[in-house]
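Only the coordinates and a few stated rules stand behind these numbers; no lab work does. Owing to the predicted nature of the structure, the values given are computational and were not obtained by experimental measurement. Virtual Cβ from ideal backbone geometry, glycine too; neighbours counted across all protein chains shown.
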Amino acid sequence: MISLRHVTTTFAARGKEPVVAVEDVSLEIPQGSIQGIIGFSGAGKSTLLRNINLLERPSTGEVEVAGTELTSLDGEELRQARHQIGMIFQGFNLVNNLTVAQNVELSLKFAGESSKSVRQARAAEALEIVDITEKAKAYPAQLSGGQKQRVAIARALATRPQVLLCDEPTSALDPFTTATVLQYLADVNRDLGITVVIVTHEMEVIKALADDVAVMEDGRLVEKFPAADLHREDFTPRTSIGRYLMSDGINVDRGGGHTAGAEESAPTPAPRVEENLTAAGGVR
């Protein structure tokens, strides 16, 4: 369904060293599956997600979606192909002076749907899928964060895409709302057969939703495994980054602080990242 072959994305600014955001990534995502991509901030996961619909065109490599090699397309052909790829964002990206229904219709306008009645019907259909029809005439400022994200999902679904790309869709939400949004994504995948790719730094999101996991670090894909392995007691990821992401969370040493009146001394250098990773996730 989605095939990334040796994808590399390099950003270059005049007078500065080029930055390799994604380096030689190959990944196969089966049709109808939910693919999780996880890693820390700066790992390159959001850039890789944008490579799939060519919002960021790879410097080298090939991207194929539903049998169409997108990297060989340009102009109108690429715009048409993108209509089959919906996308939702961490920041919702709703237009504040448009109603909920108008925000959803906007994706259909961009897709070239000229009939107002068709746009309205498709928008209503998409809002019903995420159970937010009653807010159709409301404006974004009148919505909660979870409601805004449901509208963003409806907007992405209005064009009836084959693929839904999700860039940190729950990181701005509380745990209860996160669970609600993830359930809608699971329903969309199950009921409509849409292939979902979700980027996150939260392993709990991956455990709850994904079929397969890809771990990224420093722009590289360093590990892949079925998400079902995360529920096995005897499973330990191969890489230190994978083990860290599976660890129990943040641990803070509160026993070594300053003592009142103590003589100031030079700060102890922080341990290297590799040491932190090994210490936090190396033993389970």
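Tabulated data for the structure shown
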item: Region 107-151: mean projected area of Cα convex hull, nm²; result: 3.3
item: Among 226, 58, 169, residue whose mean-square fluctuation peaks in a GNM of the chain (springs only between Cα atoms under 10 Å); result: 226
item: Taking the convex hull of Cα positions in region 26-115, its mean projected area over all directions (nm²); result: 7.8
item: Among 48, 179, 70 the positive-end extreme of the charge dipole of the chain (Cβ point charges); result: 70
item: Cross-link pairs 109/224; 16/207; 109/148; 109/137; 109/135; 116/148 - those with Cα-Cα distance over 29 Å; result: 109/224; 16/207
item: Residue of 50, 160, 238 that the Gaussian network model of the chain assigns the largest fluctuation, springs spanning Cα pairs under 10 Å; result: 238
item: Max mean-square fluctuation residue, GNM over the chain, Cα-Cα springs under 10 Å, options 95, 215, 22; result: 95
item: About the Cα centre, charge dipole magnitude for the chain (Lys/Arg +1, Asp/Glu -1 at Cβ), debye; result: 920
item: Kirkwood-based Rg to Rh ratio, the chain, C-alpha trace; result: 1.03
item: Net charge dipole size for region 1-111 [Lys, Arg +1 and Asp, Glu -1 on Cβ; Debye, nearest 20]; result: 380
item: Neighbour-count ranking [beta-carbon atoms within 10 angstrom, fewest first] of 201, 6; result: 6, 201
item: Virtual paramagnetic centre 7 Å along Cα→Cβ of residue 171, amide N under 20 Å, in region 1-32; result: 9-11, 19-23
item: Span from the region 134-182 Cα centroid across to the region 32-87 one, whole angstrom; result: 21
